[in-house]
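Q: Dropping a structure here in structure tokens format, bear with me for questions.
Each reported figure results from applying straightforward, stated rules to the coordinates on display, with no laboratory input. Only a predicted model underlies this, so the values are computations on that prediction, with no experimental measurement involved. Cβ sites come from the backbone with ideal geometry, for glycine too, and all protein chains shown count toward neighbours.
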Amino acid sequence: MLSDFSSSSSVEYTKVAEIKGPIIVVDGITKASFDELVEIETSEGERRLGRVLEVGYGKAIVQIFEGTSGLAITGTKAKFLGKTMVMPVSNELLGRVFDGLGRPNDGLPEPIADKFLDVNGEPMNPERREYPTSFIQTGVSVIDGMLTLVRGQKLPIFSGSGLPHNILAAQIARQANVVGTNEDFAVVFAAIGVQYSEAQYFKRSLEDSGALRRSVLFLNLADDPAIERIITPRVALTVAEYLAFDLGMHVLAILTDMTNYCEALREISAAREEVPGRKGYPGYLYTDLANNYERAGRIKGRNGSVTQVPILSMPADDITHPIADLTGYITEGQIVLSRELFRKGVYPPVNVLMSLSRLMKDGVGEGKTRGDHMEVGNQLYDAYSRSQEVRALADIVGRAGLTGVDLKYLDVGDKFETYYLKQSVDENRNLEETLTRAWDILANLPKGELTKIKDKNIEQYYKEGSKHPTQ
Amino acid sequence: MVAKGKIVWVSGPAVRADGMASVKMYETVEVGESKLIGEVIRLTGEIAFIQVYESTSGLRPGEPVVGTGQPLSVLLGPGIIGKIYDGIQRPLEEIAKKSGAFISKGISTTPIDLKKKYHFKPALKIGENVKAGTIIGTIEETPLLTHSILIPPDSSGGRVIDITGEGDYDLEQIISTIENNGIKFPLKMYHKWPVRKPRPYTERFDPTVPLITGQRVIDTYFPIAKGGTGAIPGGFGTGKTVTLHQIAKWADSKVVVYIGCGERGNEMTEVLVEFPHLIDPRSNRPLMERTVLVANTSNMPVAAREASIYTGVTIAEYYRDMGYDVVLVADSTSRWAEALREMSGRLEEMPAEEGYPSYLASRLAEFYERAGRVRALGSPDRNGSVTIVGAVSPSGADFTEPVTTHTIRFIKTFWALDTRLAYSRHYPSINWMQSYSGYLEDVSKWWTENISPDWYNLRAESYNILQREDTLKEIVRLLGPEALPDEEKLVLEMARMIKIGILQQNSFDKIDTYCGPEKQLKLVNLMVKFYKESLKLLKEGKSLSDIRSMPIIPSLIKAKFEIPDEQVSKLKDLESQMDTQFNEIRSQKEEVELVV
């Protein structure tokens, strides 16, 4: 990005007062602004990019994206470019691969820019938002039936190291479509500090399904500069917004792994000696994450949409960890992966009880999907939740201590996991099939137990004991 | 004289400016060439420390800072209802007209349309002596709301020397003039009021009337009174926002102020999309005609988040002063506290717990104390109230964190949302053992007079079942349910029915979303009756399994969404079915015994 380094308003300084961690302090400043982009030139002539975090009293604190290793107090030049960081955008971006700062990474030349956009974006005016209501069929039963994804939603995957979050995200990216339309999703993929193999898996998966030509990839891998990660989701979302709201495309933005992003943020905060919040993360982590996650949605009178699926690995599988916690407060639900189900060999190993889609209520129902969709989802939740309680009880008192209805719930819990939840990586179930499977499971319960479903839907779909699915 | 200085330092939303000797604490200032709005929060010598309500990206030392001579204020007059404002009362619709779908900075707007004409009916006569707060006249702001034009509360009053006749005027028209000690004060239909200063009133009363929200667990078990305070703490996904939306939709107040403080953009949009189509069950008018939104979404500038709470509560007090019941809903006060923490950090103040400033508790207290039921200033005599309900978002759903612990000290109704209940899809996930209401005794008189004298006892009896279940659960966890005697198993069964049939309420179901007080009482009555009858049967030696298989049970549980409020009499049919089934068990059993 930023081929144009020779802006007329740029000023160069040579007095570096301090270098610590990812930041440098430049002295003798006469003209610099907050958030301004800075180009650093080392004594060897190497160029790096930085951004002003604080300016005043003749000093500027600059964060260096590529890190400060190799920089010296003398001989380092800092050129203040007179503008904030921008990303050149155009429809030529599709099919391309960029690095974490938005520079071409595929050996091809810089795409010709249609315009330059500030990577920080601007807050979307809630008055101009269009409320998301279009159901996205992902072909994954547990998502479509119980955690419905809606166009313009931000629905993260809370995962743990080693769990198949990337496989699930790739499956969603391949299979996602809005029923009744032939519009494909454009995919914006931001790899934030992930391993080479993970990024490669995703890229191959898009390639194999032919989706790569309508994708844009941003790769900051595990061995790339850590501070660059602060920018990676921002450039990716800038492009996503452009594709959606300027070109009218439906965009699925996948950001993995947000935990690495937060760690980069913590590194800078620590270097600036700020008062830390929980677990050493800065007090503004919530606001900072929100500035990224809120860049999803739809706008009145425009065609496109940005649907966001951020992925984060919960350190020690702890959902109360600040990263997962704050993310959950911002996003419209969460898909939580379970290590226990993963060990049992269930894919996708979604812990449905901890998972939630806040916009499901608006995307399903009569006229959108099917009248019984929401109620069946709620009943399945209820049944599975009950089965988990019974399971815990059975571990202590044994099956003999259970009542007849409890035993039925125990059975329903097992069937839910093997017949409804479990499916293969390339299995694309339509909604009809997902709902049929749900009723097959509920058929194992007596009618009186279905307290979340209206009588008319029970009459239409419920057939007691009609089917005893095993696999 | 207005202060004119220069920026010397910028870091995020915090700016220091030099040459600001004449600026006052909490004065509003214009920052930089693009005239961003800021507020002075500390003065050291000639240096003013300013929090800026807009993005400071691109701001540079050397740019000018100009004082306005005014504290941060809101403009109060007709035209507020139905609007969506940002944290400093800029209408988002106007901002959208100027900058499109995304909010740019440096946009100036007027909060209400000063050119719009309203039909004014005077209430004063020439020669009358008037005081601050007296009603000058009225206009119809929406079909739902008569807006009283008030003499500003900070006026010294005087004698009316001029008042216009009935007619259509815009807001800039001078509608009346009063004279005091030879000085003339012209009055318009609007006035300004500083947001950080509570609006005065004559007298404050104890709250005694319940705020009916149509939510069973709130109205029946943990009620809040008009003019009271309540808090909803809960981890993410426990349904704070949905519960607040429900209160904003169905509460029987005249005006609702909804503050979206650091929350999701789509949630504000949802209110904007939904409320114009939702019909108030009491007035049959769209809910938007009584609602004001203050939105500072999580990605909007953090300093304005701090202001949004005050902007909202000042608007609420303004409508209170007209003699109305107002509900203020703030989602979420934790984000407001975080904004305080962020500014405090940039001021390099000594932090207290978890980095929050030491004045967090006093700020929370000041905010919640602006709730209350009061007699307004001036004449005619009128009472109004502001009820404050604040959401709290404790990190890690840990209720021992500072914002939750301090909030609890200043509120009287506590609705504790429970992550475990939310995981099992028990919504609203208000934990009935942890929650409490300090207004129970205060509002029972209202229930007795308006709904039924049995309310207090029925509530206590059904709550008692839930309490007993809570103790029994421990035993079940160790020994299994079969280890209990039938009478205790009945308690478990009963608690399940109350939990599903009463406590759980589906906000997204057309019928279940609102449950009027009469239906609430009847449902509870049915449950309590079912329990008592079953207990009798058990004492007569009948078996629990016969009771468990009674077909009335699913009907009782589903009555909440199968029987709408308008057909509440149908619950009578349910009751007679129940009686029949109990009698059947009685007679059936006897037959069996005869055969034996």
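Q: For B:K473, go through the lysines and keep the ones whose alpha-carbon is under 16 Å away, minus same-chain ones fewer than eight residues off.
A: B:K489, B:K499
Q: Would you calculate a helix-derived [θ] at 222 nm for the protein assembly as shown, using -39,500 (n - 2.57) for each DSSP H run of n ≥ 4 and dividing by the full residue count, to the nearest 500?
A: -10000 deg cm²/dmol
Q: Right, another one. Give me the count of lysine pairs in region A:373-461 whose alpha carbons sit under 19 angstrom apart, restricted to pairs 8 or more positions apart or on different chains.
A: Count of close lysine pairs: 4.
Q: Would you order A:V425, B:V524 from fewest to most other beta-carbon atoms within 10 Å of each residue's own beta-carbon?
A: A:V425, B:V524
Q: Something else: Positive end of the dipole of region B:42-181, charges at C-beta (+1 Lys, Arg; -1 Asp, Glu), about the Cα centre: which of B:P111, B:I151, B:I50 has its Cα farthest in that direction?
A: B:I50
Q: Of the peptides B:438-445, B:298-305, how do they stack up when ordered by the mean number of other Cβ atoms within 10 Å, highest first?
A: In decreasing order of mean packing, B:438-445, B:298-305 become B:298-305, B:438-445.
Q: Next up: Which order do the peptides B:63-74, B:217-228, A:177-188, B:258-269 take when ranked by the mean count of other beta-carbon atoms within 10 Å per residue, highest first?
A: Answer by packing, highest mean first, reads B:258-269, B:217-228, B:63-74, A:177-188.
Q: Quote the relative contact order of region A:87-361 in percent (integer), defining contacts as alpha-carbon pairs under 8 Å separated by 6+ residues.
A: Answer for region A:87-361 is 27 percent.
Q: Considering the dipole of region A:87-361 built from charges on the beta carbon (Lys and Arg +1, Asp and Glu -1) around the Cα centre, which of A:I311, A:Q153, A:N291 is farthest to its positive end?
A: The residue sitting most towards the positive pole is A:Q153.
Q: Give the long-range amide H neighbours of B:V74: residues separated by 5 or more places, or on another chain, with amide H under 5 Å away, using H modelled in the peptide plane at 1.01 Å from N.
A: B:W193, B:V195
Q: Give, in nm to one decimal, the length gained when the segment between B:K98 and B:Q173 is fully stretched (0.36 nm per residue of separation minus the Cα-Cα distance).
A: 24.3 nm
Q: Ok, one more. Angle between the Cα long axis of helix A:431-442 and the longest principal axis of chain A, 0 to 90 degrees, nearest 10?
A: Roughly 50 degrees between the two axes.
Q: Taking the alpha-carbon centroid of each part, what is the distance from region B:502-537 to region A:255-301 in angstrom?
A: Here the answer is 45 Å between Cα centres.
Q: Residue-wise, which Karplus ³J(HN,Hα) couplings in Hz belong to region B:560-568, taking 6.51 cos²θ - 1.76 cosθ + 1.60, θ = phi - 60°, and x for glycine or proline?
A: 4, 10, 8, 10, x, 4, 5, 10, 4
Q: If each residue's Cβ is checked for other Cβ atoms within 10 Å, how do B:E39, A:E66, A:E12 rank with the fewest at the top?
A: A:E12, A:E66, B:E39
Q: Just counting partner chain Cβ atoms within 10 Å, what average do the residues of peptide B:267-274 show around their Cβ?
A: 5
Q: How far is helix A:232-241 tilted, in degrees, relative to the longest principal axis of the Cα atoms in chain A, given as a value from 0 to 90 rounded to the nearest 10?
A: For helix A:232-241, the angle is close to 70 degrees.
Q: While we're on this one: Over all distinct alpha-carbon pairs, what is the Kirkwood Rh of chain A in angstrom?
A: In chain A this quantity evaluates to 24.0 Å.
Q: Within 10 Å of each Cβ of A:139-148, how many other protein chain Cβ atoms are there on average?
A: 0
Q: In percent, how large is the relative contact order of chain B, given Cα pairs closer than 8 Å and 6 or more residues apart?
A: So the answer I get is 13 percent.
Q: In this model, which of B:K240/B:K519; B:K121/B:K445; A:K79/B:K6 are farther than 27 Å apart at the alpha-carbon?
A: Among B:K240/B:K519; B:K121/B:K445; A:K79/B:K6, the Cα-Cα distance tops 27 Å for B:K121/B:K445.
Q: Among B:T220, B:S176, B:V273, flag the residue with its Cα farthest along the positive direction of the charge dipole of region B:161-277, charges on Cβ as +1 for Lys/Arg and -1 for Asp/Glu.
A: The Cα lying farthest towards the positive end belongs to B:T220.
Q: Would you mind working out the magnitude of the charge dipole of chain A relative to its Cα centre, with +1 at each Lys and Arg C-beta and -1 at each Asp and Glu C-beta, to the nearest 20 Debye?
A: Dipole magnitude for chain A comes out near 680 debye.
Q: Which lysines have a Cα less than 20 Å from the Cα of B:K98, not counting those fewer than 8 places away in the same chain?
A: B:K98 reaches A:K300, B:K35, B:K83, B:K115, B:K116.
Q: Give the lysines reachable from A:K20 as a straight Cα distance under 17 Å; neighbours fewer than 8 places away on the same chain don't count.
A: Here the lysines satisfying the reach criterion relative to A:K20 are A:K59, A:K77.
Q: If one takes the longest principal axis of the Cα atoms in chain B, at what angle in degrees, from 0 to 90 and to the nearest 10, does the Cα axis of helix B:517-539 lie?
A: For B:517-539 against chain B, the angle is about 30 degrees.
Q: Mind checking the dipole of region B:459-558: about its Cα centre, +1 per Lys or Arg Cβ, -1 per Asp or Glu Cβ, Debye to the nearest 20?
A: Dipole magnitude for region B:459-558 comes out near 260 debye.
Q: Relative to the Cα centre, what is the charge dipole magnitude of the protein assembly as shown, using +1 at the beta carbon of each Lys and Arg, -1 at the beta carbon of each Asp and Glu, and rounding to the nearest 20 debye?
A: That gives a dipole near 1340 debye.
Q: Taking neighbour counts of Cβ atoms within 10 Å as a proxy for exposure, in what order, fewest first, do B:T138, B:T405 appear?
A: Listing B:T138, B:T405 from fewest to most nearby Cβ atoms yields B:T405, B:T138.
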